[in-house]
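One structure is given here, and the rest of the page talks about it.
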Amino acid sequence: QVQLVESGGGLVQPGGSLSLSCSASGDIPGFNAMGWYRQAPGKEREEVATKDNGGWTKYVDSVKGRFTLSRETGWNTVYLQMNSLKPEDTALYYCTFFALDGSVQYWGQGIQVTVSS
C-alpha cells in the first residue's frame, strides 16, 4: 500500500503562483510515476502532470510552460510549481501514484487551488 499526503494549494490571484507537494509512503516500488490530476467544477478529472523516477515527464497542453513537476533522486515527494495561474486552473488537485500499466493506482484526497481576483 502507498499513502499519499498532499500539501499546498490555496487562493491566489490570476498571474500568481502556488506550489503543491505530495509525499508518498509505504510499499513503494523501485520504479514509479507520480503526478497530479485535477477536476474543475462540472468537469471530468484531467491529468495535469506526471513524472516517473527515470526522467520522463508529461504535461497537459494547457499548463505547459507554466507548471513544473519535479522530484529529487531518492525522494518520495513530487512538487508541482504553478506559475502564471489562470482562473481556469481552479480545481481540486489530486496527487496520483501510477501502476506500471499507466493506470492510477492511488489517489490523494485532493487539495483545492482557487485562482480568482
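Quick one: if you stick a label point 7 Å off each Cα along the C-beta vector at ALA40 and THR68, how many nm between them?
Spacing of the two 7 Å Cα→Cβ label points: 2.5 nm.
Please report the carbon-and-sulfur percent of the accessible area for the chain; probe 1.4 Å, protein heavy atoms only, DNA, RNA and ligands left out. Provide the component values of the computation, followed by the final result.
Values: 2920 of 6160 Å².
Using a 1.4 Å probe with all protein chains present, the chain comes out at 47 percent carbon and sulfur.
Can you list which of the chymotrypsin sites (Phe, Trp or Tyr not before Pro) found in region 1-43 are DSSP loop residues with at most 14 other C-beta atoms within 10 Å? Each step should come with its number before you reach the end.
Details: sites: PHE31, TRP36, TYR37; in loops: PHE31.
Passing both the DSSP loop test and the Cβ count: PHE31.
Take every Cα pair under 8 Å in region 1-109 that's 6+ residues apart, average their separations, divide by the length, and report that relative contact order as a whole percent. Provide the component values of the computation, followed by the final result.
Values: 220 pairs, mean separation 35.3, N = 109.
This gives 32 percent for region 1-109.
Could you compute the FRET efficiency for SER25 and LYS58, with r as their C-beta to C-beta distance and R0 at 22 Å, rounded to 0.05? Could you put the intermediate results ahead of the total?
Working: r = 24 Å, r/R0 = 1.10.
Efficiency computed from Cβ-Cβ geometry: 0.35.
The values are calculated or read from the model by the stated rules, or taken from the named source; none is laboratory data. Remember, it's a predicted structure, so these values are computed and weren't measured experimentally. Reconstructed Cβ throughout: ideal geometry from the backbone, glycine too, with neighbour counts over all protein chains shown. Protein only, heavy atoms only, side chains kept; ligands, DNA and RNA dropped before computing areas. Shrake-Rupley method; radii C 1.70, N 1.55, O 1.52, S 1.80 Å.
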